[in-house]
Structures are given as structure tokens and as C-alpha cells.
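Enquirer: This structure is in C-alpha cells; I'll ask about it shortly.
The values are calculated or read from the model by the stated rules, or taken from the named source; none is laboratory data. Note that the structure is a prediction, hence the values are computed from the model and not measured. FYI the Cβ positions are ideal-geometry reconstructions off the backbone, even for glycines, and counts take in every protein chain you see. Please note that ligands, DNA and RNA were not included when accessible areas were found on the heavy atoms of the full protein model with its side chains. Shrake-Rupley method; radii C 1.70, N 1.55, O 1.52, S 1.80 Å.
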Amino acid sequence: MPELRVCDQRKYLVNGKPATKWSDYPQIQVKNYLLSLIVQGAYSYNNLGPSNIVVNTLEPLNYDPLNPTSVMMIHVTDDSNYNIRLNDFSGSVAYVTVRTSNILATNGYIQVIDRVLFYQSL
């Protein structure tokens, strides 16, 4: 399991404390978290720019009280690195920079991240 940052640990408590393994979590919570990482549509360097676009995820609507519309923000950084960023918006406390991007699968692009991603603002 990826290492959880401090802000992540408050969101993903099990019985009031951080979990230590995937099996600590209820199956429905794991399922819906994984669905929150899958977006509808195919997004890559070919159709992203420096402005955030709002995309729908497969997470059920109103499941996450911090993200009741089940969306994700995606853009590329406007610098020499030209990285893809997820959930990097004004007030975000949980954005991630994609580590490996644009892996073309049969049903869209895969973006690889190395930490827990969720939608949260101050």
C-alpha cells in the first residue's frame, strides 16, 4: 500500500485509526476508491492543456462527501517539465503529479501515480 500522507490519514481511518493493510478496509470502500481513480473519457498530452478540465469518475455520485459529484481535475503544468497533474486546483491539499504518463491501453490512457489521490480542499 502506498505511504499515506498526514492529510490522507484523516480521510482513510478504520475504527478511528489509520489502516495498516488493504484488508483492514471494508470492500465497498476499496471498490469505490478504485472507481474514483477511473475517469470517463481518454485524456493525454494530446487533449490536455494548462487549464484544469473537470472529468467524471466512475465513483458513485454522493459516495464521497468531499467530492459528491465524483469528479477529477486534470491539466498539464505550464513549465519545461510539462507534467500531468491530478486534482491540482485552488485550495487543493491532495493533488498528485503523474510519474509515468500516456501508457496506451485498449480502452484509454493509463497515468501512473505513486501516492493516494483524492479530492479535498481546505
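Enquirer: Within the stretch 74-102, which residues are open to solvent by 30 Å² or more (accessible area, probe 1.4 Å), under 21 Å from TYR33 (Cα atoms) and part of a strand (DSSP E or B)?
Expert: Of everything in the stretch 74-102, those that are open to solvent by 30 Å² or more (accessible area, probe 1.4 Å), under 21 Å from TYR33 (Cα atoms) and part of a strand (DSSP E or B) turn out to be ARG85, THR97, THR100, SER101.
Enquirer: Mind checking whether some residue in the stretch 78-97 is among the small types (Gly, Ala, Ser) and modelled with pLDDT of 95 or more? First the steps, then the outcome.
Expert: Step one: list which residues in the stretch 78-97 are among the small types (Gly, Ala, Ser), which gives 80, 90-92, 94.
Keeping just the survivors that are modelled with pLDDT of 95 or more gives none.
No: the stretch 78-97 contains no residue that is among the small types (Gly, Ala, Ser) and modelled with pLDDT of 95 or more.
Enquirer: Let me ask something else. Residues in the stretch 55-62: is at least one of a type outside the set (A, V, I, L, M), more than 23 Å from TYR12 (Cβ to Cβ) and not in a strand (DSSP E or B)?
Expert: no
Enquirer: Continuing with this model, one more query. Please state which of the following conditions TYR95 fails to meet, knowing it meets all the rest: (1) within 10 Å of the chain's Cα centre (by Cα); (2) in contact (Cβ under 8 Å) with a residue 24 or more places away in the chain.
Expert: Result: TYR95 passes all but (2).
Enquirer: Same structure again: Can you tell me which condition ASN67 does not meet? The list is (1) among the polar types (S, T, N, Q); (2) at pLDDT 90 or above; (3) surrounded by fewer than 12 Cβ atoms within 10 Å (Cβ to Cβ), and all the others hold.
Expert: Of everything listed in (1) among the polar types (S, T, N, Q); (2) at pLDDT 90 or above; (3) surrounded by fewer than 12 Cβ atoms within 10 Å (Cβ to Cβ), ASN67 misses just condition (3).
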